[in-house]
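To start, the structure itself, in structure tokens.
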Amino acid sequence: MPYSNLVQDDFIRSLFANAMSAMYREEVPLYGTLLEIVDAVNSEVLEAKPAMTFELARHDELARLSQEYHGAIRLGRPDELAMMRRLFAVMGMYPVGYYDLTMAGVPVHATAFRPLRPGKLNKNPFRIFTSLLRPELIDDADIRDEIDRRLAARRIFPEATISLIEKFEHEGGLDESEARLFVASALEIFRWHSEVNVDVALYNRLHNAHRLVADIVCFNGPHINHLTPRTLDIDAAQRKMLARGMQAKDLIEGPPARAHPILLRQTSFKALDEPVRFVDGNKTQSGTHTARFGEIEQRGMALTPKGRQLYDELLAEAREEPKAYDARLSSAFERFPDDLCTLRREGLGYFEYRLSSTAEINGYEPDDVESLVAAGLVDAFPITYEDFLPVSAAGIFQSNLGDQGPKSYSAAAAQLAFEAILGTPVADPFELYAERQQQSIEQVRRKLSQARRMALGRADA
Ligand code: OOG
Ligand code: NI
């Protein structure tokens, strides 16, 4: 094999995630404050809970924590989504999950680009929630024409980025200096533009069609609209946000606080009103645009379809009435078991299995993982949820984009159309977790059979 100086996609992803975080910290100083809060809370939790620290370290999730964030972008044109897929592939990020936001009255659908496998996730789990505008859902034909016209005129990918993507595809990788050039040029795509490329009147019309339409169509790039660090205690982080005078949302999205966290809990500070210039020919006018915010999240265990269904039911129950939401949420979730044994035995969550001892395996069948867990010879620990929650996401869209009240768009599943644009199907998150669980069980079985053969060998000798 010829000598290869290509760098790992993990290296490019880490470089990019750090560059993105540095850029956003500079653009939105409040995000820097958020990072400080999350760092402080995480250190406090790790100090106060050595058992948790031990578990995180044992499952290779400790090191990634200090550089774990997700972000979100919104694209306008189908070919932008197709190129974005190729761009993220350079960093080892692939589309996982399909999120239909039209049920929240937001005319976009989305996927999340992220690493697929545990080893990759633990190196750097950077994720970008990526939405695509669906202009066909806008009622007004004149507005649709304006959207098409404006979007057709823009080029969001620098030439340098495109040629490095092509190089990556032809040669199966990039060397270090190409990787650095790639990161530097790709970063520009996500930078904030303070120039709005339409006049105020058109901006207002697009904005009235949907605030998101203006955010997508009136700019020359899909500015990163938030970055979200991961906290180990979102309630504590939320209190610190309020104590520092941040305009935090009063509600934490997702499940209530639990002994064993599930899925995802998120909160954010309200989107900022930022100064922009409306440029139309040589006329300019100043104004503001509201899009960018900061968010934090706490991640819990991934749920099986059965667990997810229970989660959705209980959340819907709590949401029936907006009054006393916190109390309703806690009371609804009393029906969601909160001990690891029940969660696992009832098949509500995904678990990874590991053989902890082969000392006393005699008398156990390698297939009987359940008895081995009961005997303490096999450990089962929850697999972290690496994805997003459409309902939470919708809540965040709503809270940051103003309460215009949900319009009702056709609920028809557009996943196939989305995947055709993307040029590939999205991975099914449930399948990824199930596969990881299954592989861990098979590994336990292999190790057990091996240990047994060795024990028998010794007995024969
Ligand atoms: C994306 C919102 C989705 C999350 O954490 O669920 C998201 C957006 O506002 O564009 O980031
Ligand atoms: Ni987010």
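The values are calculated or read from the model by the stated rules, or taken from the named source; none is laboratory data. Keep in mind it's a predicted model, so treat the numbers as computed, not measured. Every residue, glycine among them, receives a Cβ derived from its backbone with ideal geometry; neighbour counts consider all protein chains shown. Heavy atoms of the whole protein, side chains included, go into the accessibility calculation; ligands, DNA and RNA do not. Shrake-Rupley method; radii C 1.70, N 1.55, O 1.52, S 1.80 Å.
Contact order normalised by length for the range 226-285, with contacts defined as Cα pairs under 8 Å and 6 or more residues apart; what percent is it?
25
Estimated purely from DSSP H runs of n ≥ 4, each contributing -39500 (n - 2.57), the mean residue ellipticity at 222 nm for the chain is -15000 deg cm²/dmol once divided by its residues. Its relative contact order, with pairs defined as Cα atoms under 8 Å and 6+ residues apart, puts the range 261-388 at 26 percent. Amide H contacts for Val96 (H built 1.01 Å from N in the peptide plane; partners 5 or more residues away or on another chain; cut-off under 5 Å): Ala112, Phe113, Arg114, Ala427. The alpha carbon centroids of the range 274-303 and the range 50-125 are separated by 20 Å. With K and R counted +1 and D and E -1, the other residues having a Cβ less than 13 Å from that of Cys341 yield a net charge of -3. Projecting the Cα atoms of Ala374, Ala324, Leu343 onto the charge dipole of the range 301-388 (Cβ charges, centred on the Cα centre) puts Ala324 farthest toward the positive pole. Ligands, DNA and RNA left out, the 1.4 Å accessible surface of the chain is 52% carbon and sulfur atoms.
Just how large is the dipole of the chain about the Cα centre, in debye to the nearest 20, putting +1 at every Lys and Arg Cβ and -1 at every Asp and Glu Cβ? Write out the running numbers ahead of the final one.
Numbers: 54 positive and 68 negative charges, 73 e Å.
Magnitude of the dipole: close to 360 debye.
Cα gyration tensor of the range 131-289, axes a ≥ b ≥ c as square roots of the eigenvalues: rounded (a/c below 1.5), prolate (a/b > b/c) or oblate? In terms of gyration-tensor shape, oblate.
With Rg and the Kirkwood Rh both taken from Cα atoms, where does Rg over Rh land for the range 106-220?
Taking Rg over the Kirkwood Rh, I get 1.06.
Across the range 99-116, rounded Karplus estimates of 3J(HN,Hα) from the backbone phi angles (6.51 cos²θ - 1.76 cosθ + 1.60, θ = phi - 60°) give 10, 9, 8, 5, 5, 9, x, 10, x, 9, 10, 8, 9, 10, 8, 7, x, 8 Hz, Gly and Pro being marked x.
Once the convex hull of all Cα atoms in the chain is built, its volume per residue stands at 171 Å³.
Residues whose amide H falls under 5 Å from that of Phe351, counting only those 5 or more places apart or on a different chain, are Ile383, with hydrogens built in the peptide plane. Equivalent ellipsoid of the range 302-378: semi-axes from √(5λ) of the C-alpha gyration tensor, largest first, are 37, 11, 8 Å.
Rounded to the nearest 20 debye, the dipole size of the range 199-339 about its Cα centre is 320 debye, using +1 on the Cβ of Lys and Arg and -1 on the Cβ of Asp and Glu.
Given Cα positions, please report Rg to Rh for the range 224-383, the hydrodynamic radius being the Kirkwood one. If you can, show how the numbers build up before the last one.
Numbers: Rg = 22.5 Å, Rh = 19.2 Å.
On the Cα set of the range 224-383, Rg over Rh gives 1.18.
Across the range 93-98, computed HN-Hα scalar couplings (Karplus, 6.51 cos²θ - 1.76 cosθ + 1.60, θ = phi - 60°) run 10, 10, x, 10, x, 10 Hz from first to last residue, x flagging Gly and Pro. Restricting the calculation to Cα atoms, the range 231-271 yields a radius of gyration followed by a Dmax of 10.4, 31 Å. Label-to-label distance, Glu36 versus Ala153, with points set 7 angstrom from Cα along the beta-carbon direction: 4.2 nm. When both the range 152-223 and the range 430-460 are represented by their alpha-carbon centers, they are found 47 Å apart.
Each label was represented as a point 7 Å from its Cα along the Cα-to-Cβ direction; for Asp235 and Val279 these points are 4.9 nm apart. Per-residue extension of 0.36 nm, minus the Cα-Cα distance of Ala201 and Ala48, leaves a gain of 49.6 nm for this segment.
Within the chain, which is the longest segment containing none of the trypsin sites (Lys or Arg not before Pro) that sit in a DSSP loop and have at most 10 other Cβ atoms within 10 Å?
Between the exposed loop sites, the longest stretch runs 156-322.
Annotation: per residue accessible area for the range 89-170 equals 38 Å², rounded to a whole number [probe 1.4 Å, protein chains only]. Applied to the range 59-73, the Karplus parametrisation 6.51 cos²θ - 1.76 cosθ + 1.60 on θ = phi - 60° returns per-residue 3J(HN,Hα) values of 9, 6, 9, 6, 5, 6, 4, 6, 10, 9, 8, 10, x, 9, 9 Hz, with x for Gly and Pro.
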